[in-house]
1. Does at least one position in segment 50-58 carry a residue that is out of contact with any helix residue (DSSP H, G or I) (no Cβ under 6 Å at 6 or more places or on another chain), outside any strand (DSSP E or B) and farther than 19 Å from residue 14 by Cβ?
2. With respect to residue 47, is the statement that it is within 16 Å of the ligand (Cβ to nearest atom) and within 20 Å of residue 22 (Cα to Cα) true?
3. Can you tell which of 4, 34 is in contact with a strand residue (DSSP E or B) (Cβ under 8 Å, 6 or more places away or on another chain) and either more than 20 Å from residue 124 (Cβ to Cβ) or assigned to a strand (DSSP E or B) (or both)?
4. Among (1) part of a helix (DSSP H, G or I); (2) closer than 21 Å to residue 136 by Cβ, where does residue 28 come up short?
5. Can you pull out every residue in segment 113-138 that is more than 16 Å from residue 8 (Cα to Cα) and either out of contact with any strand residue (DSSP E or B) (no Cβ under 8 Å at 6 or more places or on another chain) or without any contact (Cβ under 8 Å) to a residue 60 or more places away in the chain (or both)?
6. Look through segment 7-25, keep the residues that are part of a helix (DSSP H, G or I) and more than 12 Å from the ligand (Cβ to nearest atom), and return whichever of them is surrounded by the fewest Cβ atoms within 10 Å (Cβ to Cβ).
7. Only one of these is touching a strand residue (DSSP E or B) at 6+ places or on another chain (Cβ under 7 Å) and at pLDDT 95 or above: 51, 42, 12. Name it.
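The values are calculated or read from the model by the stated rules, or taken from the named source; none is laboratory data. Computed from a predicted model, the values in this text were never measured in an experiment. Neighbour counts are summed over all protein chains in view; Cβ atoms, including those assigned to glycine, are modelled from backbone coordinates with ideal geometry.
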Ligand code: DQA
């Protein structure tokens, strides 16, 4: 099984960015965590991070016929991007949404998730562990 892991804008600033919300671990730490988690769960992964909505849309389009699953933390685009939702629908690859923070307990403008309307599951508020939960959820989904 091969999963595409997409991280949206400002996640490259982890460690520096609002540590009281996102923690002190860096994006490099997240990449290391994801690689370990993929090995442990016996899946192949490709990890990308982009600050650009159009790049994320293109990466989702290119995933067609190449990946069995998508794990996406669209970051701020979660709450604004119909284009990312439409791209997920277009390729129709099983997808899981992840957020490091518990978005449901944050500002009103974070209460809508466009990508989440396509994803079959969301893990929010579990920090890095949410990504491993997403890997396991995708494996389960694809097995049945
Ligand atoms: C985030 C939550 C979003 O609301 C925010 O814009 C982010 C990160 C999270 O992982 O908790 O950039 O997706």
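1. So far as segment 50-58 goes, yes, one or more of its residues are out of contact with any helix residue (DSSP H, G or I) (no Cβ under 6 Å at 6 or more places or on another chain), outside any strand (DSSP E or B) and farther than 19 Å from residue 14 by Cβ.
2. yes
3. The unique qualifying residue is 4.
4. Answer for residue 28: the failing condition is (2).
5. Of everything in segment 113-138, those that are more than 16 Å from residue 8 (Cα to Cα) and either out of contact with any strand residue (DSSP E or B) (no Cβ under 8 Å at 6 or more places or on another chain) or without any contact (Cβ under 8 Å) to a residue 60 or more places away in the chain (or both) turn out to be 117, 118, 120, 121, 125, 126, 129, 132, 133, 136, 137.
6. That would be 20.
7. Result: 12 is the single residue among 51, 42, 12 that is touching a strand residue (DSSP E or B) at 6+ places or on another chain (Cβ under 7 Å) and at pLDDT 95 or above.
One line per residue, one yes/no per condition, for (1) near the ligand (Cβ under 10 Å from one of its atoms); (2) under 27 Å from residue 20 (Cα atoms):
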site	(1), (2)
62	no, no
66	no, no
71	no, yes
82	no, no
93	no, no
101	yes, yes
106	yes, yes
138	no, no
143	no, no
